[in-house]
Structure formats: C-alpha cells, structure tokens
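First comes the structure, then the notes that go with it.
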Amino acid sequence: MRIDIITLFPELLKSPFEVSIVKRAIEGKKVNVFFHNLRYYTTTKYKQVDDAPFGGGAGMVMMIEPIDKCISKLREDRKYDDIIYMTPDGKQLNQKISNECSLKENIIILCGHYKGVDQRVRDHFITREISIGDFVLSGGELAAAVFCDSIIRLIPGVLGDESSALSDSYQDNLLAPPIYTRPANYKGWEVPPILTSGNMPKVEQWREEQAFKRTKRLRPDLLND
Ligand code: ADE
C-alpha cells in the first residue's frame, strides 16, 4: 500500500509514523507513506495557500490551485483508488471503513486547515470524506494520523499474530473482552480462574461471553447493527 498525505504541516504528522507497529510496517515495506507540503505547490510570490471566502465571513479557505497541482502531479505517476479528505463533516470513521481502506493499493489523504478547502476540491477530486468524530480539530493532520494507524495495522502481515487484529474491539461489532497478565494475584485482586485453567475451549467461551456482556453494557447500539 502507498499513502500520500497532502498537508500544510507535515511536522505535525510525522511522529506517529516513527514508532511501534506503524514504523515496523514501513520498515517491512508493507506500506509506503509520503508527505507532501502544499506550500511547495503554490505559484504565488508569497506562497499563498489560503484566501478569504467569497461572499465574506470569518476564516480563510484553502485554495484549489495548489491542491490541484499536488494531486495532478501524484496522478501522473500512478492511479489512486481513493482521494480522501479529512473533515469534521465527513462520514464517521469506523472499523468497517478501516477494513475496507486497508485493502487499497494507493490512496491520497488531504488534510484541511482553517475553514476547510474550496468546495470545488471536494466536488472534483475527493472520492471519500472522513471524520474521526463529532468535534473540530485545528486541522486534518491528527485525524489523518488516527486514520492511517487504524488502516496500517490491518494490512496483512503487519501484525505478527495474524489473528490479533481480528480480536480487536469492533471487528465483529463486539467490544474486546477483559484481559489480564501476571501476576495472577495482585494485592488480593485475582484474575478470573478460568484464564489460568489451561482449558482453551472454556477460555474462548468465557471471552465470547464477556465480550457480549461488555458490549451490551457499554455499547448496546453495536448489537442492533
Ligand atoms: N479536521 C478537523 N476536525 C476533524 C475531525 N473531527 N475529523 C477529521 N478531520 C478533521
């Protein structure tokens, strides 16, 4: 998979790609991630990337030209499956979307700033709009990092234990069951005895029951989906 991220603030984005699972995925060539600074695609003397909205109003709007130039340059070299815009009014990210996107070959992610991008960018270039929740961040960079993390860990071969992503919360509309590790007794707080019984079928059954109970208690809406 190849991910091209278009941003005004690459420095805001880089560190999540430099640690842990995502770093290993990049080192293991499971994914290539490239950052493109929009400012390099401006033609104006002062490297202008935003301007006042037509019709007036507060805030600035990201201009179409640098975005067009950057996307067109990328498209010269390969075809993209999706051009994604991170925006609070996009479709809310969930595990289903992450699963779907983790199977793509090449994607572009555009990070918005200020009031957002000129609507013509959305109308003519963007194929998918994603929000990470009903709140407004200062820009799309942190949202892009969240989205990339969620898809990169799903690329086959990225997680050592293949089944590990499958047992994540949300993967089958269930939250994950409680987990424990040593010591089995800490200050009198004991782990459920079934987990140390060595009876794997029973352990599996217990986990399924716990996942169901936890989902029913914390996210009953998931069970209705
Ligand atoms: N940009 C600003 N806020 C955002 C959000 N909640 N999700 C995605 N992109 C954003």
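The values are calculated or read from the model by the stated rules, or taken from the named source; none is laboratory data. All of these numbers come straight from a predicted model, not from anything done at the bench. These area figures cover heavy atoms from the full protein model, side chains too; ligands, DNA and RNA do not enter into them. Shrake-Rupley method; radii C 1.70, N 1.55, O 1.52, S 1.80 Å.
Points to keep in mind about this one:
- Probe 1.4 Å - accessible area at Lys213, Å² to nearest ten: 130
- Legend: residues Leu154, Leu38, Leu137, sorted from most to least accessible area (1.4 Å probe; ligands, DNA and RNA excluded), read Leu137, Leu154, Leu38.
- Accessible-area order (highest first, 1.4 angstrom probe) of the listed residues Ile179, Ile155: Ile179, Ile155
- Amide H contacts under 5 Å for Ser131: Thr87, Gly90, Lys91, Gln92, Leu93, restricted to partners 5 or more places along the chain or on a different chain, H placed in the peptide plane at 1.01 Å from N.
- When the alpha carbon coordinates of segment 92-173 are projected onto the principal axes, the ranges are 43, 27, 19 Å, largest first.
- For segment 63-128, the mean projected area of the C-alpha convex hull, equal to one quarter of the hull surface, is 4.6 nm².
- Convex hull per residue volume in Å³, alpha carbons only, for segment 35-160: 121
- Mean separation of Cα contacts under 8 Å, 6 or more apart, over the residue count of segment 1-129: relative contact order %: 32
- For the residues Glu105, Glu209, Glu129, a 1.4 Å probe over the protein chains yields an accessible-area ranking, largest first, of Glu105, Glu209, Glu129.
- For Lys96, the solvent-accessible surface with a 1.4 Å probe is about 150 Å², rounded to the nearest 10.
- With distances taken between every two different alpha-carbon atoms, segment 167-224 has a Kirkwood hydrodynamic radius of 12.4 Å.
- Zero-based 10 Å bins, Cα pair distances in segment 111-225, whole percents: 10, 26, 30, 20, 9, 5, 0
- Antiparallel %, DSSP beta bridges [both residues in the chain], to 5: 20
- Cα convex hull of the chain, projected area averaged across orientations, nm²: 16.5
- From helices alone, the chain scores -9500 deg cm²/dmol at 222 nm; the rule is -39500 (n - 2.57) for each run of n ≥ 4 DSSP H residues, then divide by the residue total.
- Shown in residue order for segment 180-194 are the 3J(HN,Hα) couplings computed by the Karplus curve 6.51 cos²θ - 1.76 cosθ + 1.60 at θ = phi - 60°: 9, 9, 4, x, 5, 10, 10, 6, x, 8, 9, 7, x, x, 4 Hz (x for Gly and Pro).
- Flagged links, alpha-carbon separation over 20 Å, of Lys73/Lys96; Lys47/Lys115; Lys23/Lys79: Lys73/Lys96; Lys23/Lys79
- Relative contact order (%) - segment 30-87, alpha-carbon pairs under 8 angstrom, separation at least six: 27
- Computed with a 1.4 Å probe over protein heavy atoms only, the accessible area of Tyr85 comes to about 10 Å².
- Averaging the sequence gap over all C-alpha pairs within less than 8 Å and six or more residues apart, then dividing by the number of residues, gives segment 167-224 a relative contact order of 42 percent.
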